[in-house]
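The values are calculated or read from the model by the stated rules, or taken from the named source; none is laboratory data. Remember, it's a predicted structure, so these values are computed and weren't measured experimentally. Every residue, glycine among them, receives a Cβ derived from its backbone with ideal geometry; neighbour counts consider all protein chains shown.
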Amino acid sequence: MKQAIHFGIERAKSAGHWLKRKMEPRGAVLLYHRVANESFDPQLLCVSPGNFASHLEKLRKWARPIRLKDMTADIGRGRLPRKAVALTFDDGYADNLAHAKPLLMKYDMPATFFVTAGYIGRDREFWWDELERLLLGPNTLPQTLSLRVGGENLRWDLGKSARYGHGAFRRRRAWHVLEKKDPTPRHAAYRFLQPRLLRLPDPDIQKILRRLRKIAQTGPSARPSHRCLTAEETIQLKADGAFEVGSHTLSHPFLSSLEDAAQREEIQGAKLRLEAILNHPVSSFSYPYGSPSSYTSQTVSRVKESGLARACANIQAPVSPGVDIFRLPRMIVRNWDGDEFAGRLKSFLR
């Protein structure tokens with residue numbers, strides 16, 4: 001009898017917790033990277049301007065768009081508005097200013113742009129874009145591609161794909177990393193290298209890219225379509241009360257792979273550099289890559305010590321009262337049309 005009563009009490013408690021979770025207001029922090037029409041997007045970072053406009057139209061009709069700092073203030077007060085949505089952009093691509101900001105202004109939507117401070121004004125692409133250009137773009141590589149990565153000697157037999165012309169590139173430009181098969185050995189090499197490079201220190205990544213550039217007989221200049229913001233463009237991005245520029249470190253490292261002093265420099269150094277450019281305090285941060293393994297509790301401590309007030313991760317979950325504002329989960333957005341975007345967001349917030 002006592003066991004039955006105890007079981008009944010526990011079931012009632014469990015039901016109560018479930019009901020409380022269902023009744024709690026839920027919001028979302030949306031994660032974008034680029035707003036651009038790119039025919040080849042292996043990392044699925046781009047949302048076309050047309051689809052982005054459709055997303056904003058759906059948000060205006062269905063959700064409650066708010067600034068990220070207002071969302072975290074509401075979380076702190078324990079009264080997050082229902083359907084609250086904050087828009088964020090990671091990395092600091094120039095198309096954030098050219099394409100995203102005009103549409104955000106048209107639809108009266110606030111947003112936070114997390115900028116990789118060390119790339120501002122530099123004529124070089126992010127390493128993942130350059131890796132894509134060198135391995136998957138039209139060029140000629142040796143039949144056997146040899147690279148040393150993380151102390152390991154690696155080799156790929158490229159076969160016929162060693163000579164990779166514009167026709168071959170166009171035929172395979174729909175490929176992306178979520179595809180199960182690799183159409184050529186080049187794609188297999190890219191798929192193998194990308195997750196390994198992201199854990200390396202930036203000097204090691206740049207050494208590998210220099211080796212690839214030498215093999216491909218090409219230079220490091222950024223494609224206009226893939227370049228990062230300049231200092232002046234970063235200022236223009238912020239030049240409106242609805243828009244915030246946040247920090248995304250100096251070099252976009254896998255922070256958990258760095259020693260404590262290097263983490264501190266990446267976090268504090270980026271904040272100071274952005275503040276010098278903007279002549280304005282920087283209070284928001286986004287962890288590069290943002291997966292649970294990409295940062296540690298020590299990283300979070302360094303973010304707090306730097307005077308930052310909130311930090312976004314790349315953990316797929318809604319926000320609700322009680323969430324850790326230094327580990328804010330987000331919903332990554334792909335190049336969906338408006339209806340698919342709205343359906344996914346509504347399901348996400350259930």
Fill in: Residue satisfying all of: in the stretch 320-338; in contact with a helix residue (DSSP H, G or I) (Cβ under 8 Å, 6 or more places away or on another chain) and among the charged types (D, E, K, R); surrounded by the fewest Cβ atoms within 10 Å (Cβ to Cβ) among these
337
Worksheet item: Do we find that residue 222 is small (Gly, Ala, Ser) and in a helix (DSSP H, G or I) in this structure?
Response: no
Discussion item. List pairs: first residue in the stretch 190-211 and within 22 Å of residue 291 (Cβ to Cβ) and not assigned by TED's automatic domain parsing to the domain that holds residue 256, second residue of a type in the set (Phe, Trp, Tyr) and at pLDDT 95 or above anywhere in the structure, Cβ distance under 6 angstrom, at least six positions apart or on different chains.
Written reply: 198/254; 199/254; 205/127
Worksheet, complete the sentence: If you go through 170, 148, the only one that is in a strand (DSSP E or B) and either in the same structural domain as residue 253 (by TED's automatic domain parsing) or basic (Lys, Arg) (or both) is 148
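For residue 101, indicate whether it is closer than 28 Å to residue 69 by Cα and either surrounded by fewer than 19 Cβ atoms within 10 Å (Cβ to Cβ) or among the acidic types (Asp, Glu) (or both).
So residue 101 does not fit the description; no.
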Fill in: Hey, residue 267 closer than 26 Å to residue 62 by Cα and in contact (Cβ under 8 Å) with a residue 12 or more places away in the chain or not
no
Worksheet item: List pairs: first in the stretch 26-48 and outside the structural domain of residue 324 (by TED's automatic domain parsing) and farther than 21 Å from residue 324 by Cα, second among the aromatic types (Phe, Trp, Tyr) and surrounded by fewer than 22 Cβ atoms within 10 Å (Cβ to Cβ), Cβ under 6 Å, 6+ apart or cross-chain?
Response: none
Worksheet entry | Subset of the stretch 265-305 that is among the hydroxyl-bearing types (Ser, Thr, Tyr), farther than 18 Å from residue 72 by Cα and part of a loop (DSSP other than H, G, I, E, B) - its residue that is nearest to the chain's Cα centre (by Cα) | 289
